[in-house]
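The values are calculated or read from the model by the stated rules, or taken from the named source; none is laboratory data. This structure is a prediction, so every number in the text was calculated from the model and none was measured. We place every Cβ from the backbone using ideal geometry, glycine too, and count neighbours over all the protein chains shown. Quick note on the areas: whole protein, heavy atoms, side chains included, nothing else; ligands and nucleic acids left out. Shrake-Rupley method; radii C 1.70, N 1.55, O 1.52, S 1.80 Å.
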Amino acid sequence: MIRRFGLILLLLGFATSAQAAFDIEQLMAELTQHKGGRARFVEKRHIALLDKPVQSSGEMLYNPPDRLEKRTLLPKAETMVLDKDQLSLERDKRKLSINLSSRPEAIAFVDSIRSTLSGNRRTLERNYTLNLQGESKQWVLTLVPIEPAISALLQRITINGSKSQVRYIEYLQVDGDRSEITIEPIDNQ
């Protein structure tokens with residue numbers, strides 16, 4: 001009788017842990033709850049031709065679902081605004097604006113971050129294979145391009161976070177160059 005009771009408890013334990021496994025659907029639901037906000041960032045670009053990484057820092061502002069602003073303060077002021085399909089860049093009093101709708105590979109690349117931030121699984125899966133590891137309080141989402149135009153340039157994107165907050169993004173290019181962005185939310189009180 002005690003053995004049978006122990007076996008039942010063990011089976012219930014397996015069933016409960018299987019149900020509690022953190023999956024992509026749960027991550028996307030948590031990310032959908034994020035209301036946007038401001039964050040500090042530090043970006044390090046590792047380029048094969050250079051002895052040490054190129055570092056920049058500044059602030060990012062995200063307004064769900066499709067507006068992302070990146071204000072680089074150091075080493076040189078630069079502003080990049082992505083609003084829907086429009087990308088605007090400003091540096092040294094020069095402005096450039098590009099409509100990305102005519103460049104599907106550019107939109108797919110941009111949407112890797114924007115869709116992660118907004119929890120849009122459907123858009124992510126159009127261009128990437130998704131692999132999630134971890135749990136809600138510490139997760140790693142890896143995006144591997146399936147779109148040939150993207151996979152010709154990019155090996156993978158690795159995104160780390162906690163609950164609904166993205167904290168780290170790494171882009172690994174096919175040529176071995178990579179970019180790491182560390183993100184620290186700013187209290188919006």
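Quick notes
- Filter result for Arg167 (charged (D, E, K, R) and free of Cβ contacts under 8 Å to residues at least 60 places away in the same chain): yes
- Residues in segment 127-162 that are over 19 Å from Arg178 (Cβ atoms) and of a type in the set (D, E, K, R): Glu135, Lys137, Glu147.
- Lone qualifier among Asp23, Asp66, Asp51 - being touching a strand residue (DSSP E or B) at 6+ places or on another chain (Cβ under 9 Å), open to solvent by 50 Å² or more (accessible area, probe 1.4 Å) and over 17 Å from Ile169 (Cα atoms): Asp23
- Search result, residues across segment 47-73 that are in a strand (DSSP E or B) and under 25 Å from Gln133 (Cα atoms): Tyr62
- Here the condition is being at pLDDT 95 or above and among the hydrophobic types (A, V, I, L, M, F, W, C); of Leu100, Leu141, it holds for Leu141 alone.
Residues are listed down the side, and each one gets a yes or a no for (1) in a helix (DSSP H, G or I); (2) surrounded by 14 or more Cβ atoms within 10 Å (Cβ to Cβ):
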position: Leu96; (1), (2): no, no
position: Ser115; (1), (2): yes, yes
position: Asn131; (1), (2): no, no
position: Ala149; (1), (2): yes, yes
position: Arg156; (1), (2): no, yes
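- Members of segment 100-113 found to be in contact with a strand residue (DSSP E or B) (Cβ under 8 Å, 6 or more places away or on another chain) and open to solvent by 80 Å² or more (accessible area, probe 1.4 Å), listed by number: Phe109
- Residue pairs meeting the criteria (Cβ under 8 Å; at least 6 apart or on separate chains; first among the basic types (Lys, Arg), in segment 115-127; second buried (at least 22 other Cβ atoms within 10 Å of the Cβ) and assigned to a helix (DSSP H, G or I)): Arg121/Ser115; Arg126/Ala108
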